[in-house]
Amino acid sequence: MVKKVDLENEYFDEAVGDFLDCKKACALTGAGISVESGIPDFRSPGGLWSIFDPQEYATIQAFINTLEKAWKLYREVAKTIEPAEPNAAHTGLAKLEEKGLLKGVITQNIDNLHQKGGSKNVIEVHGDHQHLHCLKCSFIRDINESDVTSEDIPKCENCDYPLKPNVVLFGEPIKYVSEIEELINGCDCLLIVGTSAQVYPVAGFPAIVKQNNGYIFEFNLEKTVLTSGMQFGFFPTESITDYFFSGKASSTVGSFAKKSIEEMK
Ligand code: NAD
């Protein structure tokens, strides 16, 4: 049974108690954690996916075939990411890590806000927006202002091949697989913040933690398949969430982190 937590009800204290009993808690975050920092998620109405069809702009094949489109999307995203600052959800997770209550964060985001908020062990499974990468010779460098403002596509300094933003596009494998395995292995509580859990393989991590009898805490504006279950053809899957914190991440995660730190022994 999913326990729906609000900051006033008895499940809040119960969730904090269960969290504090855990030995290896980790977090998994998605675009929703950064919405209150001014970076819209892509999937919600009006989000970038309603303007830029991901099949047309955000696949590795699109990058190879129509570089201009992939770079157009990247430059659009960069405009919102660069001025953004972490919110209370990012800093809350960082404080939990500092107190030894969280072992690390797996993020699908490319915005660097966990690091800006003070988190140390951050695994960026979809890469980052601060580097450019050459698919041909593996050269990598920091982005600079003209990469974002210019209309030209920057070229590799070694081999002259067009550079690619160091973000994982649809059709590319995720990064840091062994680091993820190390963090997820033995994880007994996963705090899942602001992800619709629709992009695999990351969307499969909660089920691994659950199979190992770990707790699943979900923080989101609305229930996802993790909390509501889903229909796979004829086969319904069950909810795997133990505690669902409904509301904006800055408030739910911020309050949860504060209370956990107050209650720790
Ligand atoms: P997503 O699939 O992670 O969905 C966003 C989720 O966040 C939704 O479930 C939504 O209900 C929830 N949400 C929205 N605002 C919230 C809030 N204030 N508090 C709590 N929950 C909230 O994200 P997507 O937009 O479909 O993006 C797909 C992929 O694109 C991501 O996995 C990521 O790699 C990339 N992306 C990154 C960023 C970033 O770096 N900040 C932003 C957008 C997209």
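Read-outs throughout are calculated quantities, based only on the coordinates presented, and are distinct from any laboratory measurement. Just so you know, these numbers come straight off a predicted model, no measurement behind them. In this analysis, Cβ positions are derived from the backbone assuming ideal geometry, glycine residues included, and neighbour counts consider all displayed protein chains.
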**Complete:** Helix 67-81: inclination vs the chain longest Cα principal axis, degrees, rounded to 10, gives 50
**Fill in**
Here the FRET efficiency for residue 121 versus residue 13, based on Cβ atoms and R0 = 35 Å and rounded to 0.05, is 0.80
**Complete:** The size of the Cβ-based charge dipole (Lys, Arg +1; Asp, Glu -1) of segment 1-90 about the Cα centre, to the nearest 20 debye, is 500
**Asked** When averaged across all projection directions, what area in nm² does the alpha-carbon convex hull of segment 74-120 cover?
**Response** 3.3
**Request:** Using the structure shown, select from 24/259; 69/164; 79/155; 3/95; 120/175 the pairs with a Cα to Cα distance greater than 23 angstrom.
**Result:** 3/95
**Request:** Compute the length gained on full extension between residue 262 and residue 228: take 0.36 nm times their separation in residues and subtract their Cα-Cα distance, giving the result in nm to one decimal.
**Result:** 9.1 nm
**Request:** Could you tell me the largest-minus-smallest coordinate of the C-alpha atoms of the chain on each of the three principal axes, in descending order and whole angstroms?
**Result:** 59, 45, 34
**Request:** With θ set to phi - 60°, apply the Karplus curve 6.51 cos²θ - 1.76 cosθ + 1.60 along segment 140-148 and write out the HN-Hα couplings as whole Hz, x wherever there is a Gly or Pro.
**Result:** 9, 8, 5, 6, 10, 4, 5, 4, 8
**Fill in**
In degrees, nearest 10, the alpha-carbon axis of helix 10-21 is tilted away from the dominant principal axis of the alpha carbons of the chain by 70
**Complete:** One computes Rg over Rh for segment 1-134 from alpha-carbon atoms, with the Kirkwood Rh, and obtains 1.05
**Request:** Rank 20, 109, 197 by how far each Cα sits towards the positive end of the charge dipole of the chain (+1 on Lys, Arg Cβ; -1 on Asp, Glu Cβ) and give me just the farthest.
**Result:** 20
**Asked** When the Cα centres of segment 144-200 and segment 26-76 are compared, how far apart do they sit, in Å?
**Response** 12
**Request:** Report ³J(HN,Hα) in whole Hz for each residue of segment 194-204, in order, from the Karplus equation J = 6.51 cos²θ - 1.76 cosθ + 1.60 where θ = phi - 60°; Gly and Pro get x.
**Result:** x, 10, 7, 6, 10, 9, 8, x, 4, 4, x
**Request:** Determine the gain in length on full extension of the stretch residue 175-residue 149; use 0.36 nm per residue of separation and subtract their C-alpha separation, reporting nm with one decimal.
**Result:** 6.6 nm
**Fill in**
Rounded to the nearest 500, the 222 nm mean residue ellipticity computed for the chain from DSSP H runs (n ≥ 4, each -39500 (n - 2.57)) alone is -9500 deg cm²/dmol
**Request:** Go from 0 up to the bin containing the longest alpha carbon distance in segment 80-218, width 5 Å each, and give me the % of pairs per bin.
**Result:** 2, 9, 16, 20, 19, 14, 10, 6, 4, 1, 0
**Asked** Taking Cα atoms, how many degrees apart are the long axis of helix 88-98 and the longest axis of the chain, rounded to 10 and kept between 0 and 90?
**Response** 70
**Length-normalised contact order of the chain in % [C-alpha pairs under 8 Å, at least 6 apart]** = 25
**Net length gained if the chain between residue 55 and residue 84 were fully extended (0.36 nm per residue, minus Cα distance)** = 7.8 nm
**Complete:** The answer for residue 245, listing residues at least 5 apart or on another chain whose modeled amide H is closer than 5 Å to its amide H, is 5, 218, 219, 220
**Complete:** For segment 5-77 the translational diffusion coefficient, Stokes-Einstein from a Kirkwood Rh over Cα pairs at 20 °C and viscosity 1.002 mPa s, in µm²/s, is roughly 138
**Fill in**
Hull volume per residue for segment 145-258, using the convex hull of the C-alpha atoms, in Å³ is 192
**Message:** With a cap of 12 neighbouring Cβ atoms within 10 Å, and only residues DSSP puts in a loop, list the GluC sites (Glu not before Pro) found in segment 103-207.
**Reply:** 151, 157
